[in-house]
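The values are calculated or read from the model by the stated rules, or taken from the named source; none is laboratory data. All values reported here derive from a predicted model rather than from experimental measurement. Here the Cβ is made from the backbone with ideal geometry for all residues, glycine too, and neighbour counts use every protein chain on show. Areas reflect the complete protein model, heavy atoms only, side chains present, ligands, DNA and RNA absent. Shrake-Rupley method; radii C 1.70, N 1.55, O 1.52, S 1.80 Å.
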Amino acid sequence: MRRTIFESLTHGPLTETPPVPDDAALAELAAALDRKARRRLGRSLAIRQVDAGSCNGCELEIHAINNAFYDLERFGLRFVASPRHADVLLVTGPVSKNMRQALERTYTATPDPKWVVALGDCALDGGIFRDSYAVTGGVSAVVPVDLHIRGCPPAPAEILKGLIALLDTQTTARR
Ligand code: SF4
């Protein structure tokens, strides 16, 4: 015990150095997303996140968008508490059978026009949970999906690029 206390006092923390984010590139992506949302909607994008059975790895990256480190809410990106206020449903996880009805009800409660973005490899086809008896096998098995953002989990920059691509494709498609 005494040895453990001594070692903890004399050694530094055993955590890894965090990756350095490219702050300028992220800020540019977030600003581009805000500009496109204002052109398309006349205001910033409102996102309702739905955890449909994820391992929470994808949520950690989504939360990172709003943490003090990235602080991308300064560009107008908003996460809303109710689907009734959302433009985008950002869905993670393989859609466990227990979450199927909740996802369907959230989709129904979101006003048109609405977009569904499936985030992470699990949301595409079930990912590492694909063969489980407890999952439906991806978001598109339950509700229509407009865009899929790959990764396990995707980093904040990939999430922003995906949302920009969503606005680009939908703006082109609905002209
Ligand atoms: S894609 Fe990866 S990080 Fe995201 S919920 Fe699935 S296993 Fe977890």
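Brief remarks on what is shown
- Scan of region 32-77 for residues that are crowded, with 19+ Cβ neighbours inside 10 Å, of a type in the set (Ser, Thr, Tyr) and more than 16 Å from the ligand (Cβ to nearest atom), ordered by number: TYR70
- Top-ranked residue of region 103-125 - restricted to ones that are within 16 Å of the ligand (Cβ to nearest atom) and in contact (Cβ under 8 Å) with a residue 40 or more places away in the chain, ranked as nearest to VAL139 (Cα to Cα): ALA123
- Residue in region 146-153 that is more than 12 Å from the ligand (Cβ to nearest atom), touching a strand residue (DSSP E or B) at 6+ places or on another chain (Cβ under 9 Å) and either open to solvent by less than 10 Å² (accessible area, probe 1.4 Å) or without any contact (Cβ under 8 Å) to a residue 40 or more places away in the chain (or both) present: yes
- Residues of region 78-131 that are in a strand (DSSP E or B) and open to solvent by less than 10 Å² (accessible area, probe 1.4 Å): VAL88, LEU89, LEU90, VAL91, THR92, TRP115, VAL116, VAL117, ALA118, LEU119.
- In region 44-71, residue farthest from HIS85 (Cα to Cα) [restricted to those that are among the charged types (D, E, K, R) and touching a residue at least 12 places away in the same chain (Cβ under 8 Å)]: GLU61
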